[in-house]
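The values are calculated or read from the model by the stated rules, or taken from the named source; none is laboratory data. Keep in mind the model is a prediction, meaning the values are calculated, not measured. Cβ placement follows ideal geometry from the backbone for every residue including glycine, while neighbour counts extend to all protein chains displayed. These accessible areas exclude ligands, DNA and RNA; they are computed on the full protein's heavy atoms, side chains included. Shrake-Rupley method; radii C 1.70, N 1.55, O 1.52, S 1.80 Å.
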Amino acid sequence: MSMLIARLLSSVIILSLLLSLSGCVQPDSGPEPEEYIFNYTECNSTTYYIGERSVKTVHVVHNTSRLELVLEGAVLSSTPETGLSNLVVVRRTETDTPLKYNISSRVRHGRRYLVIEFPGSADFVAYTETLSGNELSRKTGDGLVRVYLPEGYATGSLLLGTPRPSPERVFEDSSGRMVIEWNGSNVSAFSVAYYKDSAPWVLTSLFIILGVAGILILTYFKLKIGALQRKRDFVEKKGR
């Protein structure tokens, strides 16, 4: 009986390893392409739309049927899609009709790499990742890279957060969202730390309050020291 159980466990382990190395067909959970903004560009590009707790990434792909991703902070498991949700592949003329894709994964130097294979007629590959904290860091490839901050958020303060390296362009879109832009051919990676628009005002107010409190404390101790000095002088004169 123990030998049979050992064989069953070995079979399960081998099957899990095979699944982690082999391709996985798009699941039947029903992708939702309407969740994304598909802005076509003439060259390869990657756009990150940051939300409150997630980031939606949209790749424009040209002359390729394969996309390799490095998942930041992905959990290492036997499921290739780990770290991603709502992965869709579409043509620009039919963004509401997702195409089929294959996805496989591998681990190298402790990092998970995903390979997405899709029809050569595809124009967009999009997916969603969860975010923790107010910072987005990614490696880049060739082409335009854009990061859309959440509405009501900004970046650029040395105290609260800045984009690194310095962006080639910063502007606001029609809805008032701040957009940071790089040429991916000029940078190998980027990081954007962002904060609420009100944060600088709150920080300035805090510094003012601390400054006033410091002045009051210094004034109080100065008066106390002066009173003690006068009292000591009075006692010394009286003793003479």
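Key figures for this structure:
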read-out	value
The stretch 57-77 residues that are farther than 16 Å from residue 184 by Cβ and of a type in the set (Lys, Arg), paired with ones that are outside any loop (DSSP other than H, G, I, E, B) and modelled with pLDDT of 90 or more (beta carbon under 7 Å, 6 or more apart)	66/115; 66/117
Any pair with Cβ under 7 angstrom, 6 or more apart, that starts in the stretch 151-164 at a residue that is acidic (Asp, Glu) and ends at one that is open to solvent by 30 Å² or more (accessible area, probe 1.4 Å) and not in a strand (DSSP E or B)	151/175; 151/176; 151/177
Count - residues of the stretch 144-161 that are assigned to a loop (DSSP other than H, G, I, E, B) and farther than 18 Å from residue 51 by Cα	4
Which listed residue is surrounded by fewer than 21 Cβ atoms within 10 Å (Cβ to Cβ), more than 16 Å from residue 83 (Cβ to Cβ) and in contact with a Lys or Arg (Cβ under 6 Å, 6 or more places away or on another chain), from 96, 123	123
The stretch 48-58 - residue that is open to solvent by 20 Å² or more (accessible area, probe 1.4 Å) and part of a strand (DSSP E or B) and, of those, nearest to residue 151 (Cα to Cα)	49
Residue that is modelled with pLDDT of 95 or more and in contact with a strand residue (DSSP E or B) (Cβ under 7 Å, 6 or more places away or on another chain), where the choices are 25, 70, 115, 58	58
Count - residues of the stretch 139-153 that are open to solvent by less than 30 Å² (accessible area, probe 1.4 Å), closer than 18 Å to residue 186 by Cβ and not β-branched (Val, Ile, Thr)	1
Criterion: open to solvent by less than 80 Å² (accessible area, probe 1.4 Å), modelled with pLDDT of 85 or more, out of contact with any Asp or Glu (no Cβ under 8 Å at 6 or more places or on another chain) and among the polar types (S, T, N, Q) - qualifying residue of 204, 219, 162	162
